[in-house]
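What follows is a set of notes on a single structure, which appears directly below.
The values are calculated or read from the model by the stated rules, or taken from the named source; none is laboratory data. Predicted model, so just to flag it, every value in this text is computed and none were measured. Heads up, the Cβs are rebuilt from the backbone with ideal geometry, glycines too, and the neighbour counts pull from every protein chain shown. With ligands, DNA and RNA removed, areas are computed over all heavy atoms of the protein, side chains included. Shrake-Rupley method; radii C 1.70, N 1.55, O 1.52, S 1.80 Å.
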Amino acid sequence: MTKYEEALSKYNLEISDADVQAAVKDIIINKVPENDTIDVKKFLMGSIELTTLSCTDSDASVMRFTEKVNQFDEVYPDLPHVATICVYPCFAEAVKDALQVEGVEIACVSGSFPSSQARIEVKVAETSLAVMDGATEIDIVMPVGKFLEGDYESVCEDISELKNACGEDVAMKVILETGCLKTAKNIKTASILSMYSGADYIKTSTGKEKIAATPEAAYVMCQAIKEYYDETGIQIGFKPAGGINTVMDAITYYTIVKEVLGEEWLTNKWFRIGTSRLANILLSEVLGEETKFF
């Protein structure tokens, strides 16, 4: 038995997709409605990772993007600011130079995002440079092709090397690209291996594939986080991202975290949500009038 198989043997991986679907359906019907409140919407605003990942990004546009976060803190001092500004690594320094709000993290997608298809030396160099330029969090993509081939050793070594490049003070999120993993068993296995290899957060999706975040994937990942915490005492964060288009989508993910992981995870440190498009919609619902700030 390899050390990776030994690590996995501590967890129940024989989970049924049908059972997961039934559990999620029950949560949506019986638990989601009670969380459709202004307080929850305010919380969700404070957990957003405001993201720009466009081929038209530039230092100037990213600095204007960051300035919006600064302005928000001035205009709405009683509302929570976003948790994170997320950009490509080449813009970490621009965000660092422009950002004036305490408590907003600078996240960079790294390691040949979104495919993770590059030599590890290239991925390590990109990650190290992002940290040097001011990134306080790094989002990488698990090598999905290696995982699907069963090459768990290469998957874990890749994640571990990138965590070493981040260092202890820079949190690393591992994106599983759950839409490509297909089954609950694969999603749980990938979650455990990622946490075992150094992930500080696990994240559903890049948003670049056809199938992005789903409540079912979130449920399985939260189960894995809970079991890993029970086994090791190490708390791991969770981030759904990709395809989160409505306030009820966001409330559904909030509810899954609440029901599976509990109140301890309901802070903007441990629960993040990747949905820039919802920033104005949530703000509008909180204020009671249509508002386009971001």
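Numerical summary
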read-out	value
Charge dipole (debye, nearest 20) of the chain; +1 at Cβ of Lys and Arg, -1 at Cβ of Asp and Glu	560 debye
Sequence of Tyr152, Tyr253 from largest to smallest accessible area, 1.4 Å probe	Tyr152, Tyr253
Structure-based [θ]222 nm, the chain - -39500 (n - 2.57) summed over DSSP H runs of at least 4, per residue, nearest 500	-15000 deg cm²/dmol
³J(HN,Hα) computed for each position of region 166-183 - Karplus, 6.51 cos²θ - 1.76 cosθ + 1.60, integer Hz, glycine/proline x	6, x, 5, 8, 10, 5, 10, 9, 9, 8, 8, 6, 4, x, 8, 7, 6, 10
Sparsely packed trypsin sites (Lys or Arg not before Pro) within region 93-194, loop by DSSP, other Cβ within 10 Å at most 16	Arg119, Lys182
HN-Hα J in Hz across region 218-225 - Karplus 6.51, -1.76, 1.60, θ = phi - 60°, x for Gly and Pro	4, 4, 5, 5, 5, 4, 5, 4
Approximate shape of region 188-265 as ellipsoid semi-axes (Cα gyration tensor, √5λ), whole Å, largest first	21, 15, 9
5 angstrom amide H check on Ile138, placed H, neighbours 5+ away	Cys108, Ala171, Met172, Lys173
At 0.692 mPa s and 37 °C, Stokes diffusion of region 48-175 via Kirkwood alpha-carbon radius, µm² per second	216 µm²/s
Most to least accessible of Ile140, Ile29, Ile38 (protein chains only, probe 1.4 Å)	Ile29, Ile38, Ile140
Pairs beyond 22 Å (Cα-Cα), from Lys182/Lys203; Lys3/Lys208; Lys25/Lys292; Lys41/Lys269; Lys185/Lys239	Lys3/Lys208; Lys25/Lys292
Coarse-grained scattering of region 45-97 at q = 0.15, 0.19, 0.20, 0.23 Å⁻¹, given as base-10 log I(q)/I(0) from a Debye sum over alpha-carbon atoms	-0.40, -0.62, -0.68, -0.86
Extension reserve of the Lys208-Gln100 stretch, reckoned as 0.36 nm per residue once the Cα distance is removed	35.9 nm
Residue-by-residue Karplus 3J(HN,Hα) for region 269-280, coefficients 6.51, -1.76, 1.60, Hz, glycine and proline x	7, 8, 10, 10, 9, x, 7, 4, 5, 8, 4, 5
For region 159-229 and region 1-54, distance of Cα centres in Å	11 Å
Net charge, Glu121 excluded, C-beta distance under 14 Å - Lys, Arg +1, Asp, Glu -1	-2
Debye-sum result for region 1-97 in log10 I(q)/I(0), which assumes one identical scatterer on each alpha carbon, at q = 0.15, 0.18, 0.25 Å⁻¹	-0.83, -0.87, -1.24
Aspartates and glutamates with Cα under 17 Å of Lys163, excluding same-chain neighbours fewer than 8 positions away	Glu121, Glu126, Asp133, Glu137, Asp139, Glu153, Asp200
Area projected by the alpha carbon convex hull of the chain, averaged over all directions, nm²	14.6 nm²
